[in-house]
Amino acid sequence: MALSPDDLSFSRATSDDIERLVGVREEVMRVVWGLPADVDLSVEARQTREYYEQAIPSGRHASFLVHDGPAFVGCAGISYYRVMPTPDNPTGRKAYVMNMYVRKEYRRRGIASRLLELLLQDADDKGVEFVALEASEEGRPFYAAHGFVPMPDEMLLKG
């Protein structure tokens, strides 16, 4: 029998989950950037911990964790921020999806879709309509299927 999202446990991360989230973030960075185990990510871990310690209690970040019994399956996060209002975003409220990750052996079962639904519902509950993300080439079709479109009007200053 194929495993589906209904067979898994999805939970909103709390401050009690910060160490788990820091470890997951390291796993995501190693997988996404192809970093070997000997690359030191202690600075990133310290900064990630500090970020979560401030952002989770304040509501500026929400993360969801997925487990198959005790086994970690995946996670996703959304960060909230505000900019000056514009005609296309009159509240100035924005959200950024990040740390979207499902372990390889669990992919293509609807888990990422369920995680994205949880993030978008959280944004909707907060009245945030402007949601952005960065997607890998592999991830672009997934996000496009969920209504995301490329943003032609933004530019990035590379230092």
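Read the figures in this text as sums done on the coordinates, not as results from a lab. These numbers were taken from a predicted model, which means no experiment stands behind them. Note: ideal-geometry Cβ built from the backbone for every residue, glycine included; neighbour counts use all protein chains shown.
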* Among all the lysines, which ones have a C-alpha under 25 Å from Lys158's C-alpha, if same-chain residues fewer than 8 places away are not counted? -> Lys94
* Structure fact -> Once phi for every residue in segment 33-48 is put through the Karplus expression 6.51 cos²θ - 1.76 cosθ + 1.60 (θ = phi - 60°), the whole-Hz ³J(HN,Hα) values, with Gly and Pro written as x, are 8, x, 8, x, 4, 7, 6, 6, 10, 5, 5, 4, 5, 4, 5, 5
* Please figure out what share of the DSSP beta bridges in the chain is antiparallel and state it in percent, rounded to the nearest 5. => 85 percent
* About the Cα centre of segment 1-148, how large is the charge dipole given +1 on each Lys and Arg Cβ and -1 on each Asp and Glu Cβ? Please answer in debye to the nearest 20. => 200 debye
* **Linear extension gain, Ala145 paired with Leu3, 0.36 nm per residue minus alpha-carbon span** => 48.9 nm
* Structure fact -> Computed from the beta carbon distance with a Förster radius of 30 Å, FRET efficiency for Thr14 and Arg103 to the nearest 0.05 stands at 0.85
* For Met155, Met100, order by how many other beta-carbon atoms lie within 10 Å, fewest first -> Met155, Met100
* Hey, with R₀ at 25 Å, roughly what FRET efficiency would Thr91 and Ser136 work out to, going by the Cβ-Cβ distance, to 0.05? -> 0.25
* Expected-Rg normalisation [2.2 N^0.38 Å, Cα atoms] applied to segment 7-145 -> 1.07
* Sequence-distant aspartates and glutamates (8 or more away, or on other chains) whose Cα lies within less than 18 Å of Lys126 -> Asp88, Glu117
* Between Pro141, Leu21, Val32, whose Cα lies farthest towards the positive end of the dipole of segment 7-145 when Lys and Arg beta carbons carry +1 and Asp and Glu beta carbons carry -1, centred on the Cα centre? -> Pro141
